[in-house]
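Encoded as structure tokens, the structure appears first; notes follow it.
The values are calculated or read from the model by the stated rules, or taken from the named source; none is laboratory data. Bear in mind that the values here come from a model prediction, so they are computed numbers and not experimental data. Heads up, the Cβs are rebuilt from the backbone with ideal geometry, glycines too, and the neighbour counts pull from every protein chain shown.
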Amino acid sequence: MQLKSYIKFLFKSQNQHGLHSPFVYELVTNCFYDKRKYPEYKLLDDYRNDLLKNHNTIKVTDFGAGSRVFTSNDRRISAIARNVGIPKKRARFLFRLVNYLKCKNMLELGTSLGIGAASLGANKESILVSIEGCPQTANVAREQLRKFDFNNVELKVGEFEEILTKFIISDKNKKEVSGPWTDSNQQSTYSKNPGTFDLIYFDGHHTKEATLKYFYQLLPTAHNDSVFVFDDIHWSPGMEAAWEEIKSHPEVRVTIDTFFLGLVFFRKQQAKQHFKIRL
Ligand SMILES: C[S@@+](CC[C@H](N)C(=O)[O-])C[C@H]1O[C@@H](n2cnc3c(N)ncnc32)[C@H](O)[C@@H]1O
């Protein structure tokens, strides 16, 4: 499935040439293909390499769509880092995206060991809330994030649904979202638009139903300049179907399929348009 989809993607995808949308052209030129060597890349490499050297074993509680790699729930931290954490290229891209879009207030569904969280939080002016269901995995992530001084990343442990309803989406009005970064519902001074997220990274439960559920649940937290980033949109036919439904939603204006990631923008000033762009 992946290979067939990938070949199709390669035929249909493009680079920055011939992009008529100025917003997308600028994004692709100055962020996707930004070749500068950021000092934060070393921090991200160190974070990952440290995990790759950690051969302790933890008992993983399986959430989401299950693993295609692991057969047992007793897993080495190094193996999780190698197989589950986002790859280097994508991690660097997430860092650039946060920088380029000046995202301050972000949410991640699915922390694992925090490789993605570190990428999103490497710009220390941002604030990230990241949710992880597996307690032992979350413990390692918490330690690792602390070790590398990611004080701007707050980890919440629990099932997505439970944490979203408890902390992220307020009960009284699903259109209003309370500040998730504190348990006392205070609004963050970092937020450009209180009650909303500048970026949400959906990287947890890779099934059609779950992806769409969290998309609809978190849609009210998007503002005009938010970006939703979906991981593994071609992972399965179900994920591809979810991606198509997200693309067709009336509030969605611009989407960019980079094969592994799907970016969703809500910019009302923009005509609806879908792009396939190689990273
Ligand atoms: C692909 S990994 C995340 C990788 C991470 N974002 C990164 O970039 O390194 C997905 C994680 O989401 C967690 N997860 C999946 N479904 C969940 C759910 N419904 N509630 C809580 N956690 C969940 C899994 O335990 C797993 O650690």
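Tabulated values for the structure
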| item | result |
| --- | --- |
| Residues located in the stretch 253-279, provided they are in contact with an Asp or Glu (Cβ under 7 Å, 6 or more places away or on another chain), under 23 Å from Tyr6 (Cβ atoms) and part of a loop (DSSP other than H, G, I, E, B) | Phe260 |
| Ser119 small (Gly, Ala, Ser), surrounded by 24 or more Cβ atoms within 10 Å (Cβ to Cβ) and in contact (Cβ under 8 Å) with a residue 40 or more places away in the chain | yes |
| Qualifying positions in the stretch 210-239 - under 24 Å from Phe9 (Cβ atoms) and surrounded by fewer than 16 Cβ atoms within 10 Å (Cβ to Cβ) | Pro237 |
| Filtered residue count, the stretch 143-171, keeping only those that are outside any loop (DSSP other than H, G, I, E, B), under 18 Å from the mean Cα position of the chain (by Cα) and of a type outside the set (A, V, I, L, M, F, W, C) | 3 |
| Cross-chain or 6+ apart pairs with Cβ under 6 Å, the stretch 227-252 first and closer than 26 Å to Cys31 by Cα and assigned to a loop (DSSP other than H, G, I, E, B), then more than 16 Å from the ligand (Cβ to nearest atom) and among the polar types (S, T, N, Q) | His234/Ser5 |
| Residue match in the stretch 22-43 (condition: over 29 Å from Thr211 (Cβ atoms), in a helix (DSSP H, G or I), at pLDDT 95 or above and of a type in the set (A, V, I, L, M, F, W, C)) | yes |
| Residue in the stretch 32-42 that is in contact with a Phe, Trp or Tyr (Cβ under 8 Å, 6 or more places away or on another chain) and within 16 Å of the ligand (Cβ to nearest atom) present | yes |
| Test: residue in the stretch 28-39 that is touching a helix residue (DSSP H, G or I) at 6+ places or on another chain (Cβ under 7 Å), within 19 Å of Ala141 (Cα to Cα) and polar (S, T, N, Q) | no |
